[in-house]
Amino acid sequence: MRRFTFTTYLIYFFFITKVSLSQVTTPFSSLIPIGELSDNSFSNNLAMGGLGISNGSYWHLNNQNPAALVYNRFTTLEMGIASDVRQLVNNRIKDISGNGNINYMGFGVPLLKGGKWVASFGFNPFSNMNYKLYSEELVRGVDGSFTSALVNHDYEGTGGLSQLYFSNGFKLNDDFSFGLKGSYIFGSLSSNISSKVSNKPQFYSNLFEKSSFNDFALQLGLFYRKEISENKFLKFGFIYDFNNALDAKRFSQLERKIPNSLTVFVIDTLLNNEISTFEIPSSIGFGVSYEVIDKISIGVEIRSQQWNESSGFINDSNTQYKNLLQLSTGFEIIPDAENVNSFFQRVTYRGGILLKKSPLIINGNQLNTTAITFGLSLPIGTISRVNLGFEAGKRGNLNKISIKENYLKFIIGSTINNIWFIKRKFD
């Protein structure tokens, strides 16, 4: 009889369960042509305020600093499913939306003993665009007269970019390591801007745009881990993401549509698969953490990315950016990792705070995020984990930008660890 372990059921859950691939619905994803950039946090990182640059771990893959991979001594499979609930508030209405999606998958394996070389590959979202907006205005002289008419505008965008990555961490000595992460970024996004005139029901115009992107990206990582006393370590991490220019094939056309019909009349083609470049600036990140092995870990990290007038599409005066700045601080605690009599004593408890200034500008003000995070890692068997991560926060400000978003993000993930390439010995 075949033996089904909890790990087997996890694999069935991720690969057989029908999971919606819809993306996070947020109006802020309309403000940048490639959609809103993702943070790439695994469940354990999310629960610690996004901490990962200086937080290498034996139990989890690190997709934020490739140099920290050297502390993975197991063959590891990481998977995660994310869900979002968002409340959008302005001066008139409140709207609630929710979505779920496969968020990430990563696989890592030690290639040389002692962590001298650990490799990892996987995928995660790079950006997301999913919004539906509505506005109306009163205009005069639509038909050449002085009569007024109500014009309704609908704005809709969908799509996103994905990232396939291959990371390598190399240990130079007992304390110092470096890493390289290469990625292929690809995907497409589309948008529609429709206008209808109330007293002219046959008048239905639409601006359709679609863009396909692809490019390679490179990240450099450094990691230093110094033992200051027995089982107590001070850890420093540094990452540098090189700037990359996404190749974009852009198409747009002005259309005339008949209400309640699929018939489309093309009025004019504005861009016919024109090749453009979208500039994403380089970024840096630095962090420091303190760790007591299998007891406690606490750290703080900062990331910066220099978005300015040269970022984005060249000569795009309609979009403005400011520098991205993110501060993460978090902790994890294991009451008693070796207590076989108490399951909850072996659980890892996490928490954190996230503060972020995004590059997006609304009404001349930068979009800011404030969030608290928390989560658990539940031990399964000897070395595997089920990970829960929560992020509850708010973005925007009613007084400054006339819109605010409250959100709750949840990731359930699994870390399946095993030992490969070990010769079995028999007495």
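Considering every residue within the range 387-408, establish whether at least one is hydroxyl-bearing (Ser, Thr, Tyr), more than 28 Å from GLU78 (Cβ to Cβ) and in contact (Cβ under 8 Å) with a residue 24 or more places away in the chain. First the steps, then the outcome.
Applying the first criterion (hydroxyl-bearing (Ser, Thr, Tyr)) to the range 387-408 yields 402, 407.
Next, only the ones that are more than 28 Å from GLU78 (Cβ to Cβ) stay: 402.
Still in the list and also in contact (Cβ under 8 Å) with a residue 24 or more places away in the chain: 402.
Yes, some residue in the range 387-408 is hydroxyl-bearing (Ser, Thr, Tyr), more than 28 Å from GLU78 (Cβ to Cβ) and in contact (Cβ under 8 Å) with a residue 24 or more places away in the chain.
Inspect the range 407-414 for any residue being over 12 Å from ALA47 (Cβ atoms) and either outside any strand (DSSP E or B) or not aliphatic (A, V, I, L, M) (or both) and give the result as yes or no.
Within the range 407-414, the subset over 12 Å from ALA47 (Cβ atoms) is 407-408, 414.
So of that shortlist, the ones also either outside any strand (DSSP E or B) or not aliphatic (A, V, I, L, M) (or both) come out as 407, 414.
Checked the range 407-414: at least one residue is over 12 Å from ALA47 (Cβ atoms) and either outside any strand (DSSP E or B) or not aliphatic (A, V, I, L, M) (or both).
Within the group TYR224, TYR184, which residue is among the hydroxyl-bearing types (Ser, Thr, Tyr), at pLDDT 95 or above and farther than 21 Å from GLY160 by Cβ?
Numbers: TYR184 fails: farther than 21 Å from GLY160 by Cβ.
Among TYR224, TYR184, only TYR224 is among the hydroxyl-bearing types (Ser, Thr, Tyr), at pLDDT 95 or above and farther than 21 Å from GLY160 by Cβ.
If I filter the range 173-180 for residues that are closer than 30 Å to ILE228 by Cα, at pLDDT 95 or above and buried (at least 21 other Cβ atoms within 10 Å of the Cβ), do I get at least one hit?
Within the range 173-180 (the criterion being closer than 30 Å to ILE228 by Cα, at pLDDT 95 or above and buried (at least 21 other Cβ atoms within 10 Å of the Cβ)), the answer is yes, since at least one residue qualifies.
Modelled with pLDDT of 85 or more, assigned to a strand (DSSP E or B) and buried (at least 18 other Cβ atoms within 10 Å of the Cβ): is that true of ASN99 in this structure? So that I can check it myself, show each step before the final result.
Numbers: modelled with pLDDT of 85 or more: no; assigned to a strand (DSSP E or B): yes; buried (at least 18 other Cβ atoms within 10 Å of the Cβ): yes.
So ASN99 fails the test.
Sort out which residues of the range 146-173 are touching a Gly at 6+ places or on another chain (Cβ under 9 Å) and not in a strand (DSSP E or B), and write them in order of number.
THR147
Scan the range 360-397 residue by residue and report those that are closer than 18 Å to LEU324 by Cβ and either of a type in the set (Ser, Thr, Tyr) or touching a Pro at 6+ places or on another chain (Cβ under 9 Å) (or both).
Of everything in the range 360-397, those that are closer than 18 Å to LEU324 by Cβ and either of a type in the set (Ser, Thr, Tyr) or touching a Pro at 6+ places or on another chain (Cβ under 9 Å) (or both) turn out to be GLN366, LEU367, THR369, THR370.
Tell me, yes or no, whether the range 404-416 has at least one residue that is aromatic (Phe, Trp, Tyr) and closer than 21 Å to VAL288 by Cα. Let's see the steps before the verdict.
From the range 404-416, those aromatic (Phe, Trp, Tyr) are 407, 410; that's our starting set.
Narrowing further to those that are closer than 21 Å to VAL288 by Cα: none.
Among the residues of the range 404-416, not one is aromatic (Phe, Trp, Tyr) and closer than 21 Å to VAL288 by Cα, which makes the answer no.
Taking the range 378-392 as the search range and keeping residues that are among the small types (Gly, Ala, Ser) and at pLDDT below 95, which one is nearest to the chain's Cα centre (by Cα)? Give the derivation first.
Of all residues in the range 378-392, those among the small types (Gly, Ala, Ser) come to 381, 384, 389, 392.
The next check asks that each one be at pLDDT below 95; those that pass are 381, 384.
Working: GLY381: 30, SER384: 24 Å.
By that ranking, first place goes to SER384.
For the range 234-242, does any single residue satisfy the condition of being modelled with pLDDT of 95 or more and either farther than 30 Å from SER183 by Cβ or over 27 Å from the mean Cα position of the chain (by Cα) (or both)? Before the answer, list the steps.
Just the residues of the range 234-242 that are modelled with pLDDT of 95 or more, to begin with: 234-242.
Narrowing further to those that are either farther than 30 Å from SER183 by Cβ or over 27 Å from the mean Cα position of the chain (by Cα) (or both): 234.
Within the range 234-242, one or more residues are modelled with pLDDT of 95 or more and either farther than 30 Å from SER183 by Cβ or over 27 Å from the mean Cα position of the chain (by Cα) (or both).
Return the pairs, sorted by first residue and then second, in which the second residue is at pLDDT below 85 and in a loop (DSSP other than H, G, I, E, B), the first residue lies in the range 89-113 and is within 15 Å of ILE416 (Cα to Cα), the beta carbons are less than 7 Å apart, and the residues are 6+ apart or on different chains.
VAL109/TRP420; PRO110/ARG73
What do you reckon, is ILE228 β-branched (Val, Ile, Thr), in a strand (DSSP E or B), within 30 Å of VAL118 (Cβ to Cβ) and in contact with a Lys or Arg (Cβ under 9 Å, 6 or more places away or on another chain)? Spell out how you get there, then give the answer.
Numbers: β-branched (Val, Ile, Thr): yes; in a strand (DSSP E or B): yes; within 30 Å of VAL118 (Cβ to Cβ): yes; in contact with a Lys or Arg (Cβ under 9 Å, 6 or more places away or on another chain): no.
No, not satisfied.
Exactly one condition in (1) touching a residue at least 12 places away in the same chain (Cβ under 8 Å); (2) surrounded by fewer than 16 Cβ atoms within 10 Å (Cβ to Cβ); (3) of a type in the set (Gly, Ala, Ser) is not met by SER229; state its number.
Going through (1) touching a residue at least 12 places away in the same chain (Cβ under 8 Å); (2) surrounded by fewer than 16 Cβ atoms within 10 Å (Cβ to Cβ); (3) of a type in the set (Gly, Ala, Ser) one by one, SER229 breaks only (1).
Check whether at least one residue in the range 348-356 is among the basic types (Lys, Arg), farther than 25 Å from PRO66 by Cβ and free of Cβ contacts under 8 Å to residues at least 60 places away in the same chain, and report yes or no. Before the answer, list the steps.
Restricting attention to the range 348-356, the residues satisfying the condition of being among the basic types (Lys, Arg) are 350, 356.
Filter once more, so that each one left must be farther than 25 Å from PRO66 by Cβ: none.
Within the range 348-356, none of the residues are among the basic types (Lys, Arg), farther than 25 Å from PRO66 by Cβ and free of Cβ contacts under 8 Å to residues at least 60 places away in the same chain.
If you scan the range 174-215, which residues turn out to be within 25 Å of GLY237 (Cβ to Cβ) and either of a type in the set (Phe, Trp, Tyr) or part of a strand (DSSP E or B) (or both)? Spell out how you get there, then give the answer.
From the range 174-215, those within 25 Å of GLY237 (Cβ to Cβ) are 174-185; that's our starting set.
Correct list: PHE176, SER177, PHE178, GLY179, LEU180, LYS181, GLY182, SER183, TYR184, ILE185.
In the range 318-351, what residues are among the small types (Gly, Ala, Ser) and not in a loop (DSSP other than H, G, I, E, B)? So that I can check it myself, show each step before the final result.
Here is the first cut: in the range 318-351, the ones among the small types (Gly, Ala, Ser) are 328, 330, 337, 342, 351.
Of everything in the range 318-351, those that are among the small types (Gly, Ala, Ser) and not in a loop (DSSP other than H, G, I, E, B) turn out to be SER328, GLY330, GLY351.
Filter the range 338-377 down to the residues that are among the aliphatic types (A, V, I, L, M) and more than 23 Å from the chain's Cα centre (by Cα) and list them by number. I'd like the intermediate steps shown before the answer.
Applying the first criterion (among the aliphatic types (A, V, I, L, M)) to the range 338-377 yields 340, 347, 353-355, 360-362, 367, 371-372, 376.
If the condition is that a residue be among the aliphatic types (A, V, I, L, M) and more than 23 Å from the chain's Cα centre (by Cα), then VAL340, VAL347 are the ones that fit.
For the range 352-378, how many residues are surrounded by fewer than 16 Cβ atoms within 10 Å (Cβ to Cβ) and of a type in the set (Val, Ile, Thr)?
Taking the range 352-378 first, the residues surrounded by fewer than 16 Cβ atoms within 10 Å (Cβ to Cβ) are 363-365, 370, 372, 378.
Pick out the ones that are also of a type in the set (Val, Ile, Thr) and you get 370, 372.
The number of residues fulfilling the criteria is 2.
The values are calculated or read from the model by the stated rules, or taken from the named source; none is laboratory data. Note that the structure is a prediction, hence the values are computed from the model and not measured. Every residue, glycine among them, receives a Cβ derived from its backbone with ideal geometry; neighbour counts consider all protein chains shown.
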